[in-house]
Amino acid sequence: MRRISPGRVVAWAYLAVVLVGTIFPFYWIVRTALSNNYAMATDPSSLLPVGTTAGAFERALGLATPAEAAAQGGSAASLDLLLALRNSVVYAVLLTVCAVFFSALAAYAFSRLRWKGRNGVFAVLLTALMVPQVLTLLPNFVLIKDLGLLNSFGGMVLPTAFFSAFNIFFLRQFMLGLSNEVEEAAIVDGAGPLRVCFRIVLPMSAAPIATLSLLTFITTWNDYLWPLLVTSDDTVRPLTLALAVFKQSSPQAALDWAGLMAATLVAALPMLLLFVVFGRRLVDSIGFTGLK
């Protein structure tokens, strides 16, 4: 019989603690979402749903009347979850498409084209990676306000739609490793830089572009601070803000924790689907970029 070393036991114990610590908050959200607000107050430490009901999901999706919501312990606060979901999808998709597309063009210019001062400009661009994002919030807010783009999707995406130092660096590093043979053959056949870019380089970079799109979409979906600064209207407010407003909208009444957790679960579903479908690619991309 193979003897198990103490080090292996400690490693498995550590892994179990980390696994429980990671999964338990998500389980607690599910448990709270399936509980009745009134019943939950009688047994707040129960590990199982208290007074199991799907009423919280009905309130989160706007399917319950005010009387039904009050009967289930819901607050008077309202949350237009579908509108907030639409806003988050529009915001995340629009910013992802613009940021990745323009970053790919810039990465192509920095990696495949030869022009004077290229390395110097790229070195200046890299310094942008060292500037904390919080330092750019105020100038960006003043710019968006002067342009009259507050409370609009344009104002939400404009500061990062055309320039992302990390995205450019990420794609440039991959494009530098591409073979020159196919590109040189196309140039001999008369292809110009744009044709080489769109017909050869970008298709050969499909894998890192897809990875970058996933990372950008997830980051944008979870973004909170910038939308908080430039939006105050429900018609453009993304889901992260809508949930916060829902939490703070009834300070005089008991918070509808079950409804809030149900809405949080619904909001997390798109990200969970992305992890299920593209989980391996995300893990590979994190290993490639060194993100933690």
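What follows is calculated from the coordinates using simple rules that are stated; it is not laboratory data. All figures in this text were calculated on a predicted structure; none of them were measured in a lab. Positions of Cβ are generated from backbone atoms using ideal geometry, with glycine treated the same way; all protein chains shown enter the neighbour counts.
For Ser232, the residues whose modelled amide H falls within less than 5 Å of its own, excluding neighbours fewer than 5 places apart on the same chain, are Asn151.
The helix-based estimate of mean residue ellipticity at 222 nm for the chain, built from -39,500 (n - 2.57) per DSSP H run of four or more residues and divided by its residue count, is -21000 deg cm²/dmol to the nearest 500. Considering only the Cα atoms of the range 28-68, their convex hull presents on average a projected area of 2.8 nm². Compute the Cα gyration tensor for the chain, then decide on rounded, prolate or oblate, letting a ≥ b ≥ c be the square roots of its eigenvalues: rounded whenever a/c is under 1.5, prolate when a/b is larger than b/c in the other cases, and oblate in all that remain. Oblate. Label sites at Ala185 and Ala244, each approximated as a point 7 angstrom past Cα along Cα to Cβ, lie 5.3 nm apart.
Counting only whole DSSP H helices of the chain, the ones at least 20 Å long by C-alpha along their axis and with mean Kyte-Doolittle hydropathy no lower than 1.0 are 6-33, 81-111, 206-221, 257-289. Projecting label points 7 angstrom from Cα along Cα→Cβ for Met130 and Leu15 puts them 4.0 nm apart.
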